[in-house]
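Data first, discussion second: the structure below is written as structure tokens.
The values are calculated or read from the model by the stated rules, or taken from the named source; none is laboratory data. Note that this is a predicted model, so its numbers are computed, not measured. With ideal geometry, Cβ positions are generated from the backbone for all residues, glycine too; neighbour counts draw on all protein chains shown. Accessible surface areas use protein heavy atoms only, side chains included; no ligands, DNA or RNA. Shrake-Rupley method; radii C 1.70, N 1.55, O 1.52, S 1.80 Å.
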Amino acid sequence: MRIGELAQRTGVSPRSLRYYEDQGLLTSSRSEAGQRHYSETAVQRVSLIRQLFDAGMPSRVIATVLPCVDIPGDLGVAEETFTAMMRERDRIDADIAHLIETRDALDVLIGANSRHRAELSMAPEPTVEST
């Protein structure tokens, strides 16, 4: 299939598909006219790449994980992929911990703001004196 069809079937722009190729995440063959042609398996691969990007993985990490899909029986590849995935999981855990700290700090500010608003709503209205 050509790049436009792959883009339509996956919901990924042709520009992104070209980027995936530039990063070594996706491959295509070329026609004599230079048009990209993808196999049917490219649809599933693009879906996997999108999932990994959506999980926050950078393309360099995705490039180290994908060989495990391409060469599932190679122990060396499996070990390298496992190490990369564990590093990425640790990074995600650290991001989650940071987000929890940020949320907790925001909760403190929300509580203080709520108390302040309650105090303001109970304060008497200032009166305007006429002369």
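The residue 60 and residue 13 beta-carbon pair, evaluated with R₀ = 22 Å, returns a calculated FRET efficiency of approximately 0.60. When P(r) over Cα pairs in 5 Å bins from 0, in percent is calculated directly from the model, which label among (i) 2, 10, 20, 24, 23, 15, 4, 0, 0; (ii) 2, 8, 13, 13, 11, 9, 8, 6, 5, 5, 4, 4, 4, 3, 2, 2, 1, 0, 0; (iii) 2, 10, 20, 24, 20, 12, 6, 3, 1, 1, 0, 0 fits? It is the value labelled (ii).
Give the range of the longest stretch in the chain that excludes all GluC sites (Glu not before Pro) found in loop regions by DSSP and having at most 10 other beta-carbon atoms within 10 Å. Here the longest segment lacking exposed loop sites spans 41-128. Helices assigned as whole DSSP H runs in the chain whose Cα atoms extend at least 20 Å along their own long axis and whose mean Kyte-Doolittle hydropathy is -0.5 or higher are found at 75-122. By a 1.4 Å probe calculation restricted to protein chains, residue 83 has an accessible surface near 70 Å², given to the nearest 10.
For the residues 45, 15, 30, a 1.4 Å probe over the protein chains yields an accessible-area ranking, largest first, of 15, 30, 45.
Using only the Cα atoms, work out Rg/Rh for the range 74-131, with Rh taken as the Kirkwood radius, to two decimals. Using only Cα positions, Rg/Rh for the range 74-131 is 1.61.
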